[in-house]
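Inspection log for the structure reproduced underneath, given as structure tokens.
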Amino acid sequence: DAGVTQSPTHLIKTRGQHVTLRCSPISGHKSVSWYQQVLGQGPQFIFQYYEKEERGRGNFPDRFSARQFPNYSSELNVNALLLGDSALYLCASSLEVGQETQYFGPGTRLLVL
Amino acid sequence: GQQLNQSPQSMFIQEGEDVSMNCTSSSIFNTWLWYKQDPGEGPVLLIALYKAGELTSNGRLTAQFGITRKDSFLNISASIPSDVGIYFCAGANSNSGYALNFGKGTSLLVTP
């Protein structure tokens, strides 16, 4: 069975631009969470979505937004990119919201110049 | 998010040695998870713990959920070169909507 998939794998943007990252959860999983991982740190929680609704939000500015589609896939959008947004963006899926066991995708490596 | 303290920061051991790492928190968690991450990859789930005092094994890996619910440890027995990577602990509870709070990781190097 396919695991969590993310696209693109790598991305280079310049400051001020906008980026959209995509995630498809494990088949049968209904909840998707997004995390940001900067070099040398553990992942930091950004959003959790379940049944197309936001169920949790971490300490990130409003430039970060996300949505979930009827097929449970998800997009993470970041506007007005800053140099500090350079990171590995990870998507994780779980069966339900409140299901703590989360499975991660390979991530999208974003570099902002 | 809640701060997790993971130690040691790094370990350099010989193949065949046993490894122990731990994670502590100032907050109580309902769940402790241990992940391994290789360079450029996403974290891979190793062990999930759901009950205080629980001891769970996965092959050469053993992890325990601390009685106080504020700590967890991971042991790796008879290490091999493919154990190289960064090991992360993560805690979750209903107060945080089950968002995972991660430690900063333990970097493990194994020499043949």
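The values are calculated or read from the model by the stated rules, or taken from the named source; none is laboratory data. Just so it is clear, the structure is predicted and the values come from calculations on it, not from any experiment. Glycine also receives a Cβ, built like all others from the backbone with ideal geometry; neighbour counts cover every protein chain displayed.
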Residue list for segment B:81-95, filter: under 15 Å from B:Met21 (Cβ atoms) and in a strand (DSSP E or B): B:Gly85, B:Ile86, B:Tyr87, B:Phe88, B:Cys89, B:Ala90, B:Gly91
Check on B:Ala63, hydrophobic (A, V, I, L, M, F, W, C), modelled with pLDDT under 95 and closer than 22 Å to A:Tyr103 by Cα: no
Test: residue in segment A:35-57 that is at pLDDT 95 or above and on the phi > 0 side of the Ramachandran plot: no
Unique residue being small (Gly, Ala, Ser), away from chain A (no Cβ under 14 Å), in a loop (DSSP other than H, G, I, E, B) and touching a residue at least 40 places away in the same chain (Cβ under 8 Å) when the list is B:Ala52, B:Ala99, B:Ala78: B:Ala78
Qualifying positions in segment A:66-84 - without any contact (Cβ under 8 Å) to a residue 40 or more places away in the chain and crowded, with 16+ Cβ neighbours inside 10 Å: A:Ala66, A:Gln68
Residue ranges of strands (runs of 3 or more DSSP E) in segment A:56-113 with at least 1 members over 25 Å from B:Asp38 (Cβ atoms) and not charged (D, E, K, R): A:64-68, A:74-78
Filter pass, A:Arg63 being at the interface with another protein chain (Cβ under 10 Å from one of its Cβ atoms) and over 30 Å from B:Tyr50 (Cβ atoms): no
Residue match in segment A:99-109 (condition: touching a residue at least 40 places away in the same chain (Cβ under 8 Å) and in contact with a helix residue (DSSP H, G or I) (Cβ under 6 Å, 6 or more places away or on another chain)): no
Subset of segment B:26-62 (residues that are more than 21 Å from B:Ser107 (Cβ to Cβ), of a type outside the set (A, V, I, L, M, F, W, C) and in contact with a Gly (Cβ under 9 Å, 6 or more places away or on another chain)): B:Ser27, B:Asn30, B:Thr31, B:Gly53
Positions within segment A:18-40 being part of a loop (DSSP other than H, G, I, E, B) and either more than 23 Å from A:Arg57 (Cβ to Cβ) or within 13 Å of the chain's Cα centre (by Cα) (or both), in sequence order: A:Pro25, A:Ser27, A:Gly28, A:Leu39, A:Gly40
Test result for B:Asn22, within 11 Å of chain A (Cβ to nearest Cβ) and surrounded by 18 or more Cβ atoms within 10 Å (Cβ to Cβ): no
Residue identified as farther than 27 Å from B:Tyr50 by Cα, of a type in the set (D, E, K, R) and in contact with a strand residue (DSSP E or B) (Cβ under 9 Å, 6 or more places away or on another chain) among A:Arg55, A:Arg15: A:Arg15
Members of segment B:55-75 that are of a type in the set (A, V, I, L, M, F, W, C) and away from every other protein chain (no Cβ under 14 Å): B:Leu55, B:Leu61, B:Ile67, B:Phe73, B:Leu74
Any hit, segment A:69-83, residues being under 30 Å from B:Gln9 (Cβ atoms), within 12 Å of chain B (Cβ to nearest Cβ) and at pLDDT 95 or above: no
Matching residues, segment A:21-34, being surrounded by 12 or more Cβ atoms within 10 Å (Cβ to Cβ) and either away from chain B (no Cβ under 14 Å) or at positive phi (or both): A:Arg22
